[in-house]
Amino acid sequence: MPDSLQKNLILLRLIVGGLGERKTPKWWESNFSSKTSEPFLTPVFPRSTRLAQYHALCAAAIIPHDHFIGVGKTYHLFRLPEELEQGLHETLIHQLGQPGELDLGDNGALETVLESLTERPPKNAEGPTCVGTHTDLFKPDIWRHVGGLYLAAFSAGIKTFPYFKEDP
């Protein structure tokens, strides 16, 4: 997977995770994108607080995605094939601490960055929405569409759960 796509997926996870925690209605009950999570995580993970915050945010987002989509033969933004997850983890480790980190506590900034990463879908999609197959996971354009579905859902006050199914 290209490095730029990995960085965009990490950014997409952080943005959707942050907005999912704070939008009304909340998509899931966690608070890992807030400033208060850092003092909570730092004593346990002093050298990897941001990495712990990222993984906790993803773990919180997995629960409702899996609930609505199901587990097995499907993938979504927060549950990807193992080789992709490992690549994202390695990319995240290398970019931690670099300048220009995203402020997860600023909804306006998150929505602006999300808008720059996405394309608007033709209509809002509520609930589970199949967007492609396993092969499509490696296509940057499909992730722009996925980001657009999340952006449209956040704007409309609905919940969407884009997913990919196994190749036939």
* **For the chain, accessible area per residue (1.4 Å probe, heavy atoms of protein chains only), Å²** => 51
* **Extension gain (nm, one decimal) between ILE63 and GLU115, 0.36 nm per residue minus Cα-Cα** => 16.2 nm
* Once the Cα atoms of helix 107-117 and of the chain are each reduced to a long axis, what angle between those two axes, in degrees from 0 to 90 to the nearest 10, is obtained? -> 50
* Asked: In the chain, what percentage of the DSSP-assigned beta bridges are antiparallel, given to the nearest 5?
  -> 35
* Between the stretch 26-98 and the stretch 2-16, what's the alpha-carbon centroid distance in Å? -> 12
* **In sequence order, calculated HN-Hα J values of the stretch 27-32 (Karplus, 6.51, -1.76, 1.60; Hz; x Gly/Pro)** => 7, 7, 9, 8, 9, 6
* Asked: R0 = 22 Å: FRET efficiency of THR42 with GLN95, Cβ-based, nearest 0.05?
  -> 0.70
* Just one of (1) 9.4; (2) 10.0; (3) 13.2 is mean projected area of the Cα convex hull in nm² calculated from these coordinates, so which is it? -> (1)
* Projected label distance in nm at ARG22 and GLU82, using a 7 Å step from Cα toward the beta-carbon -> 3.6
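The values are calculated or read from the model by the stated rules, or taken from the named source; none is laboratory data. Because the structure is a prediction, the values reported are computed rather than measured. Cβ coordinates were reconstructed from backbone atoms using ideal geometry, including for glycine residues, and neighbour counts include every protein chain displayed. For accessibility, only protein heavy atoms count, side chains too; no ligands or nucleic acids. Shrake-Rupley method; radii C 1.70, N 1.55, O 1.52, S 1.80 Å.
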